[in-house]
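We did not get these values from a lab; they are worked out from the coordinates using the rules stated. All values reported here derive from a predicted model rather than from experimental measurement. Heads up, the Cβs are rebuilt from the backbone with ideal geometry, glycines too, and the neighbour counts pull from every protein chain shown.
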Amino acid sequence: MNVQMTIRGGTLVMRLKGDLDQASIESLKRKSVDIIDKYYIRNIVFNFEEVSFMDSSGIGYIIGRYTQVKNRRGRIIVCSMNSLIERIFNLSGLKRICSVVENEEQATKILEAA
Amino acid sequence: MKNEMHVSFSAQNSNVIFARTIALGFLVNLKISVNVLNEIKTVISEAVTNAIVHGYKNDATKLVEMDMYIDSEELTIVVKDYGVGIEDVEVAKQPMYSTKESEDRAGLGFTIMEVFTDELVVESKLNEYTIVTMKKRYHEE
């Protein structure tokens, strides 16, 4: 799992690449958890364009990041999911706490309008 | 066609990928749709993650066992650990249930296994074992 992180204002964009599972979330947490607090990140955009596989460990990871930003009235936006990942996402009920959009451009627009 | 395979591996996180990969390798000669293969990959990932994280609490000296059987367009997957066991299987299977809430776990493993397979049986004895058996029917294309 590779991740490219961009911070703009209070928004962290995470472009993920590879499989999001128990084997990869440990290092992903190491790379992201401290940064989210250090830069007072309010909004996180997860770009799944290059993620081919995700299981419930990945869902757990997203829930954890939501917990981190919710006190700052932040929001989580997820974009560019393939159909398998979207099915798992729908099963998880995560749509109640995250927005799902087609691509990163739409995610950015939503945050700019807010 | 009948076929079977048996493997055991250390209870460490990196072996979740190994388990998914050998499962796909075992099925490589069957003409199963990508959709079904993805479901199989996902349920194996869930069952093996449970064995490593919950059953063995990431003790890499312990071994997870995985068996797969193919018989008349039905795949049976068995994932076993001889770890802590589950006190109440029915409670553990409920959506959002997790023993490790502080560690960002979704508590969705069994839900995903139930939805993506045709049959899920969980047998467990406290401090002895957990055996997860999943059956998945498929049609060769």
Under 10 Å, Cα contacts only: if you run a Gaussian network model on chain B, which one of B:Met113, B:Met66, B:Met96 comes out with the highest mean-square fluctuation?
B:Met96
Taking neighbour Cβ counts within 10 Å as the exposure measure, how do A:Leu111, B:Leu63 sort from fewest upward?
B:Leu63, A:Leu111
Given the pairs B:Lys80/B:Lys136; A:Lys17/B:Lys31; A:Lys29/A:Lys70, which are separated by over 21 angstrom at their Cα positions?
A:Lys17/B:Lys31
For the stretch A:2-113, calculate the relative contact order in percent as a whole number, restricting contacts to Cα pairs under 8 Å that are 6 or more residues apart.
25
Quick one: Cα convex hull volume of the protein assembly as shown, Å³ per residue?
121
When chain A is modelled as a GNM with alpha-carbon springs shorter than 10 Å, which of A:Glu26, A:Glu86, A:Glu104 fluctuates the most?
A:Glu26
Taking every residue of B:11-18, the Cβ atoms of other protein chains inside 10 Å of its Cβ average out to 4
Are there any trypsin sites (Lys or Arg not before Pro) in the stretch B:94-141 that are in a DSSP loop and have at most 12 other Cβ atoms within 10 Å? List them by number.
B:Lys100
Anyone know which of B:Ala51, B:Ala23, B:Ala60 comes out most mobile in the 10 Å Cα GNM of chain B?
B:Ala60
Calculate one ³J(HN,Hα) per residue across the stretch B:47-61 by plugging θ = phi - 60° into the Karplus curve 6.51 cos²θ - 1.76 cosθ + 1.60, and present them in order as whole Hz with x for glycine and proline.
5, 5, 4, 4, 4, 6, 7, 9, x, 9, 6, 6, 7, 5, 7
For the stretch B:3-137, treating each Cα as an identical point scatterer without solvent, what Debye log10 I(q)/I(0) comes out at q = 0.11 1/Å?
-0.36
Under 8 Å for C-alpha pairs, at least 6 residues apart: give me the relative contact order for chain B, rounded to a whole percent.
29
Restrict the search to the stretch A:26-104; then list the chymotrypsin sites (Phe, Trp or Tyr not before Pro) that DSSP places in a loop and that have at most 16 other Cβ atoms within 10 Å of their Cβ.
A:Tyr39, A:Tyr40
Could you give me the radius of gyration and the Dmax of the stretch A:10-103, taking only the C-alpha atoms into account and expressing both in angstrom?
12.1, 34
